[in-house]
Amino acid sequence: MNESMNEQPSSAAGPENAADTLLEARNIVKIFGDLRANDDVTLTLKPGEIHALLGENGAGKSTLVKIIYGSLQPTSGALYWKGQPVAMANPAVARDLGVGMVFQHFSLFDALTVTQNIALALPPGLVMAELATRIRTVSADYGLPLRPGALVADLSVGERQRIEIVRCLLQKPSLLIMDEPTAVLTPQEAGQLFVTLERLASEGCGILYISHRLEEVKRICHDATILRHGKVVGRVDPQQETAASLANLMVGNEVMVIKTTRGSAPGEPLLELTELSMATDDPFGVSLKNIDLTVRAGEIVAVAGIAGNGQGELFAAISGETLTAEESQVLLAGAPCGRENITSRRRRNAAFVPEERIGHGAVPNFALSENVVLTHHAIGGGVVRNGLINRLAAHAVNAQVTEMFDVRKGTLNPEARTLSGGNLQKFVVGREVVLQPRILVVNQPTWGVDVGAAAVIRQALIDLAHSGSAVLVISQDLDEIFEIADRIAVISRGELSDAAPAEDMSLERIGLLMAGAHEKANQAGRTATTP
Amino acid sequence: MGAFEAVILTIITASTPLLLAAIGELVTERAGVLNLGVEGMMIMGAVCGFAAAYTTGSPIFGVGAGLLGGVGMSLLFAFLTQTLMTSQVATGLALTLLGLGLSGLIGEAFTGLPGVKLGPIDIPFLIDLPFVGSILFGQDILVYFSFALVAIVTYMLFRTRTGLIINAVGGNHHSAHALGYDVVKVRYACIAFGGACSGLAGAYLSLVYTPQWIENMSSGRGWIALALVAFSSWLPRRVLVGAYLFGTVWIMGLYVQALGVAIPAQLLSSLPYLVTITALIMMSGDKTLTKVNTPACIGQPFAPER
């Protein structure tokens with residue numbers, strides 16, 4: 001790992017050409033309890049440069065940018081702004097200097113309008129009507145269309161990100177920090193964003209670009225600093241690297257390669273949705289419209305789509321968290337069960353993994369073995385006998401999941417909340433996979449999980465399908481979908497496109513479907529069939 | 001003064017303390033803080049108000065003391081929940097119990113003493129208008145103030161930056177913190193505002209409603225005010241409607257009883273609750289409006305990362 005340090009020894013060393021650098025972070029250390037989240041991190045950034053900050057989850061990227069943005073204070077180390085030492089006491093100080101940040105988890109207020117959200121980040125004394133005009137001008141100028149009067153809750157994730165960007169642009173930043181901006185965008189939206197970023201850079205704005213998507217780093221970044229376990233393990237020119245070499249620097253060892261040999265032709269249909277429509281009670285929710293989908297034994301079908309287009313509602317309808325209007329709208333292994341509750345559906349040898357692992361998928365203050373009981377209580381395995389919990393059996397399942405999925409934890413049976421995100425995700429997926437269900441439905445199987453854990457989970461899903469089960473994966477991650485899915489459908493505003501074989505799908509086609517290309521087609525089809 | 005005017009006047013007297021306390025709690029809750037201690041702050045306002053007015057002979061001093069009594073209690077709540085991070089629900093309940101007990105202790109010396117009434121302020125000329133004159137323009141200062149408060153709070157919450165910040169802090173405290181707002185400071189201010197309003201409501205009870213000190217004289221009005229806030233979807237104008245609806249049905253019940261109509265007294269005394277809840281539920285049919293105005297962070301403690 002020192003090789004790459006030696007390749008580029010100059011720039012990290014000292015205040016060379018102080019006037020040229022926009023921002024320099026020197027020897028930053030941040031300690032949380034026993035954890036050294038940042039360990040002697042040094043980074044320099046020039047005006048007009050798009051600088052990538054690469055690393056796995058937990059590598060310390062977010063900690064570093066929070067320090068730069070003033071929302072965390074370093075334990076030791078110093079920041080230099082245009083060559084002068086500065087103390088970023090809080091985000092307001094950073095903003096006054098000209099640092100703007102677009103957060104990964106947006107710092108927006110659902111119940112307020114676009115204008116109000118932006119006003120909150122600007123100095124007081126603004127007239128709302130004038131601000132709305134400025135928002136319109138700037139957003140049109142940079143190709144980021146926004147309606148100032150719209151309520152944030154009604155906007156798509158891509159539109160929400162535009163608010164964050166426009167909010168920064170209105171402050172005329174000299175440095176823009178972007179934390180995984182494309183994670184929530186369609187490929188087309190991401191392309192648009194790159195154009196905006198390149199334009200900003202050409203105007204002299206420095207951009208610190210956090211990502212773990214290596215292809216896009218190679219595409220737009222001029223320089224890259226790579227973090228691992230809080231330390232800088234390399235500073236490289238992304239144009240000179242391959243995606244694989246960047247990945248190896250990030251992870252530190254070779255990434256496990258997933259075996260994707262396809263099994264025999266898919267068998268009988270195990271999960272069928274027929275004309276599934278469901279109005280939502282939640283004013284911020286999405287209504288499902290006329291969804292048809294079949295998943296057969298031995299195949300993985302993926303539902304792609306941007307968050308907030310009805311994935312949660314679709315999952316709830318299949319798992320039984322919300323009941324459908326008609327029994328026949330959901331068939332599990334041929335049996336109509338749209339009005340059955342989750343436990344009855346589990347008894348039909350189906351298993352479900354919801355999106356939120358903490359709070360929804362697992363009870364944070366329960367031990368892992370107790371969380372096992374929560375989904376295994378009504379079905380085989382003897383976790384519950386005669387109404388009493390068989391703790392030994394529950395411990396055995398916990399041990400089996402730990403072994404199969406390499407769940408790393410401090411003690412044998414800790415409380416769920418003490419596990420890291422990736423390990424808990426392995427646990428909640430593993431807990432269902434060890435049941436060998438005939439039908440498995442997983443919502444966002446590897447959300448916020450590092451590369452290694454994601455590979456383990458994906459491999460488990462593929463193996464399960466090979467053994468003859470039907471697997472439905474709802475995911476935002478297109479790389480993941482192309483890696484594991486046999487067929488792909490796209491959900492947009494509660495409507496689902498037909499599931500097409502993965503080899504017939506391209507990123508571009510999925511992007512168009514994500515933007516709603518099939519909705520009109522469906523509508524046309526419907527009006528044609530109904531006289 | 002006709003019988004009709006007399007009824008209207010009693011309705012205003014019954015509704016004003018509810019309105020004052022509910023508007024204060026509304027602002028507190030908009031900032032994301034659930035203070036269940038309204039009853040305790042109100043009764044402390046009542047005893048402080050009475051004691052000060054009796055001692056100095058000035059009802060205006062009484063109003064000021066009532067306000068400060070409420071603020072003092074609310075700052076105790078703020079210190080516990082915002083600085084020491086205790087549970088808001090438990091602390092609020094404890095605040096009510098503390099207020100009821102402490103006010104009894106302070107008020108022991110004042111029980112049975114004749115009170116000092118806060119007199120009406122007649123607005124010249126307007127008071128001579130037929131019918132509405134004495135009702136609208138012959139009230140005491142707290143009634144005028146309660147109406148002004150609804151207008152001021154409405155304007156503040158929906159038209160000013162201060163209101164925007166309060167709504168932001170209550171809607172998503174992590175985002176507000178990320179933008180550089182001092183969540184804890186905003187919440188301290190809103191809790192104190194709620195305490196001041198509850199204190200005024202209490203002072204109204206012991207200086208206008210029944211100008212003397214009686215132990216437990218708030219008799220559950222704090223809880224009604226709390227319920228009004230939630231049932232009104234955190235909208236000041238609905239709080240106004242709810243408070244007056246409650247006051248009206250309540251007073252009408254008393255008159256009906258006095259007239260000897262054969263309706264069980266228990267039914268009559270439960271009627272204000274039933275009518276108000278039904279009316280406010282019917283008003284809150286617009287789910288988007290409700291959702292937009294519900295402070296999403298209500299009751300959640302906030303600790304900034306360090």
| remark: Expected output for the stretch B:163-176 (first residue facing chain A (nearest Cβ under 7 Å), partner of a type in the set (Asp, Glu), Cβ below 8 Å, 6+ apart or cross-chain) is B:171/A:110; B:172/A:110
| message | It is to be established whether one or more residues within the stretch A:109-122 are touching a Pro at 6+ places or on another chain (Cβ under 9 Å), open to solvent by 20 Å² or more (accessible area, probe 1.4 Å) and in a loop (DSSP other than H, G, I, E, B). | response | yes
| query | Mind checking whether some residue in the stretch B:32-49 is open to solvent by 50 Å² or more (accessible area, probe 1.4 Å), out of contact with any strand residue (DSSP E or B) (no Cβ under 6 Å at 6 or more places or on another chain) and not aliphatic (A, V, I, L, M)? | reply | no
| In the stretch A:90-109, is there at least one residue being free of Cβ contacts under 8 Å to residues at least 12 places away in the same chain and in contact with a His (Cβ under 9 Å, 6 or more places away or on another chain)? | yes
| said: Being closer than 19 Å to residue A:476 by Cα and either in a loop (DSSP other than H, G, I, E, B) or open to solvent by 30 Å² or more (accessible area, probe 1.4 Å) (or both) is the filter here; which residues of the stretch A:150-160 pass it? | reply: A:155, A:156, A:159, A:160
| query | How do the pairs read when you match residues in the stretch A:279-304 that are within 30 Å of residue B:288 (Cα to Cα) and within 14 Å of chain B (Cβ to nearest Cβ) with residues anywhere that are buried (at least 17 other Cβ atoms within 10 Å of the Cβ) and not hydrophobic (A, V, I, L, M, F, W, C), using Cβ under 6 Å and keeping only pairs 6 or more apart or on different chains? | reply | A:283/B:291; A:287/A:494
| What pairs come up if the first residue lies in the stretch A:396-419 and is surrounded by fewer than 13 Cβ atoms within 10 Å (Cβ to Cβ), the second is in a helix (DSSP H, G or I), and their beta carbons are under 6 Å apart, counting only those six or more places apart or on different chains? | A:408/A:423
| Of all residues in the stretch A:94-108 being part of a loop (DSSP other than H, G, I, E, B) and within 14 Å of chain B (Cβ to nearest Cβ), which is surrounded by the most Cβ atoms within 10 Å (Cβ to Cβ)? | A:108
| message | If I go through the stretch B:258-278 residue by residue, how many of them are farther than 18 Å from residue B:223 by Cα and surrounded by 14 or more Cβ atoms within 10 Å (Cβ to Cβ)? | response | 1
| query | Is one or more of the residues making up the stretch A:58-66 more than 25 Å from the chain's Cα centre (by Cα), away from chain B (no Cβ under 14 Å) and in contact (Cβ under 8 Å) with a residue 12 or more places away in the chain? | reply | no
| query | Does the stretch B:77-84 contain any residue that is under 17 Å from residue B:225 (Cα atoms), touching a Lys or Arg at 6+ places or on another chain (Cβ under 9 Å) and crowded, with 16+ Cβ neighbours inside 10 Å? | reply | no
| field | Given (1) in contact with a Gly (Cβ under 9 Å, 6 or more places away or on another chain); (2) crowded, with 22+ Cβ neighbours inside 10 Å, number of the condition residue A:442 does not satisfy | value | (1)
| note | In the set B:237, B:161, B:187, the lone residue that is basic (Lys, Arg) and open to solvent by less than 10 Å² (accessible area, probe 1.4 Å) is B:187
| message | Between B:228, B:200, B:179, which is modelled with pLDDT of 95 or more and of a type in the set (A, V, I, L, M, F, W, C)? | response | B:200
| message | With the requirement that a residue be open to solvent by 10 Å² or more (accessible area, probe 1.4 Å) and either outside any helix (DSSP H, G or I) or closer than 28 Å to residue B:161 by Cα (or both), what does the stretch B:1-29 give you? | response | B:1, B:2
| Within the stretch B:287-299, can one find any residue that is on the phi > 0 side of the Ramachandran plot, open to solvent by 10 Å² or more (accessible area, probe 1.4 Å) and not in a helix (DSSP H, G or I)? | yes
| message | part of a helix (DSSP H, G or I), free of Cβ contacts under 8 Å to residues at least 40 places away in the same chain, among the hydrophobic types (A, V, I, L, M, F, W, C) and more than 14 Å from every other protein chain (Cβ to nearest Cβ): is that true of residue B:268 in this structure? | response | yes
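Listed here are the residues, each with its yes/no results for (1) buried (at least 20 other Cβ atoms within 10 Å of the Cβ); (2) assigned to a helix (DSSP H, G or I); (3) within 14 Å of chain B (Cβ to nearest Cβ); (4) among the β-branched types (Val, Ile, Thr).
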| position | (1), (2), (3), (4) |
| --- | --- |
| A:135 | yes, yes, no, yes |
| A:138 | no, yes, no, yes |
| A:145 | no, no, no, no |
| A:148 | yes, no, no, no |
| A:162 | yes, yes, no, no |
| A:165 | yes, yes, no, yes |
| A:168 | yes, yes, yes, no |
| A:182 | no, yes, no, yes |
| field | Residue within the stretch B:271-285 that is at pLDDT 80 or above, within 14 Å of chain A (Cβ to nearest Cβ) and under 25 Å from the mean Cα position of the chain (by Cα) present | value | no
| Can you tell me which residues in the stretch A:115-133 are under 29 Å from residue A:53 (Cα atoms) and more than 9 Å from chain B (Cβ to nearest Cβ)? | A:118, A:122
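The values are calculated or read from the model by the stated rules, or taken from the named source; none is laboratory data. Quantities reported herein were computed from a predicted structural model and do not represent experimental measurements. Because the Cβ atoms are built from the backbone with ideal geometry, glycine has one as well, and the counts that use them run over all protein chains shown. Just the protein is used for accessible areas: all its heavy atoms, side chains included, with ligands, DNA and RNA removed. Shrake-Rupley method; radii C 1.70, N 1.55, O 1.52, S 1.80 Å.
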